[in-house]
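Below is one structure, written out as structure tokens; the observations come after it.
Each value in this text was obtained by applying a stated rule to the coordinates, not by laboratory testing. Small disclaimer: the values here were computed from a predicted structure and weren't measured. We place every Cβ from the backbone using ideal geometry, glycine too, and count neighbours over all the protein chains shown.
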Ligand code: F6P
């Protein structure tokens, strides 16, 4: 393979830049040219791209966001959009494509692979951690650490005022950000889409913690359940505690990636180019049990994300 394309697609995630750097530098190491496609599949359809050199990816390993910019491209779901994308790849002699993104982005890659035989490699880049085949996605660790920093600050003021804080985190339909941020911040309660909540039980738990000497409570709620405002209102209407709501929002999507995310980015990017170099396409890369893996893209996108009930039980036991 002499020339490959690279794009970031869907919601950005910290570590995408570090993965871009790893792909570009590994490819150049092997004498493969890399074309960076701007704004995800939209740039592929519109033919907006540039050749990337060693120095194109200098000074980005530590930056959040994505140098290539990103978009959610509905046109890529149409046959016309896909044909246009393939035409752009052919025009530039691009023989393989690396796609950094989440579930939706992988579906676009799957269409190019299945329908048109373009070898593609998917790198999981999303803060949501909602892909079953990989233990972690790029950006998840940084996003959870950003949430932790905010929850730590909330704990300070909640304890001073003896309040309850309801903190909303992202994750779409997946409760992993809430689960990991909840367990590692010492939150007493998490509310996730995977488990139906019972407000009476939550109030009993809060009452018990107060009887045991707690001065404040943190409830981390995943956006897939409801807003922090709506949940705080329900709770406030049923108790005499002082309840406050905070929505972390897009702050958790930005910022300098953690060591864990930069390491994943280096390994994922490197592995993606190795696969294409060896003539292997139609795969996604990931991490499982601390090992970098690759898997058939069609199989990976068809796997249903499982919730970690064991971790949830741990939180129930240790956060009282
Ligand atoms: O997929 C990443 C994510 O941040 C989700 O957690 C969230 O639901 C969504 O993107 C927000 O999308 P947007 O940035 O388009 O508002």
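Overview of results
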read-out: Angle in degrees between helix 16-29 and the longest Cα principal axis of the chain, rounded to the nearest 10; value: 30 degrees
read-out: Cα-based shape type of segment 70-109, given that a ≥ b ≥ c are square roots of the gyration tensor eigenvalues and the cut on a/c is 1.5; value: oblate
read-out: Stretch gain in nm, segment residue 306-residue 242, where the contour uses 0.36 nm per residue and the Cα spacing is subtracted; value: 19.6 nm
read-out: Packing-based exposure ordering (other Cβ within 10 Å, fewest first) of 32, 318, 298; value: 318, 298, 32
read-out: Alpha-carbon centroid distance for the pair segment 1-40 / segment 41-103, whole angstrom; value: 9 Å
read-out: Neighbour-count order for 275, 264, 311, fewest beta carbons within 10 angstrom listed first; value: 311, 275, 264
read-out: Debye intensity ratio in log₁₀ form over the Cα atoms of segment 17-109, taken at each q of 0.14, 0.19, 0.24 Å⁻¹; value: -0.50, -0.91, -1.34
read-out: Cα-based radius of gyration of segment 190-298 once divided by 2.2 N^0.38 Å, which approximates compact folds; value: 1.64
read-out: Residues residue 173 and residue 2, FRET efficiency given R0 of 51 Å [Cβ-Cβ distance, rounded to 0.05]; value: 0.80
read-out: Point-to-point label distance, residue 51-residue 230, nm (Cα→Cβ direction, 7 Å offset); value: 5.2 nm
read-out: Cα long-axis angle, helix 103-116 against the chain (0 to 90 degrees, to the nearest 10); value: 20 degrees
read-out: Projected-area mean, segment 212-263, by convex hull of Cα positions, square nanometres; value: 6.0 nm²
read-out: Max mean-square fluctuation residue, GNM over the chain, Cα-Cα springs under 10 Å, options 57, 23, 273; value: 57
read-out: Normalised contact order of the chain, rounded percent, pairs of Cα under 8 Å and 6 or more residues apart; value: 23 percent
read-out: FRET efficiency for residue 135 and residue 162, using Cβ-Cβ distance with R0 set to 45 Å, rounded to 0.05; value: 0.70
read-out: Order of 105, 56 under a 10 Å beta carbon neighbour criterion, fewest first; value: 56, 105
read-out: Helix-derived mean residue ellipticity, 222 nm - over the chain, DSSP H n ≥ 4, -39500 (n - 2.57), to 500; value: -13500 deg cm²/dmol
read-out: Ratio of Rg to Rh over the chain (Cα coordinates, Kirkwood Rh, two decimals); value: 1.05
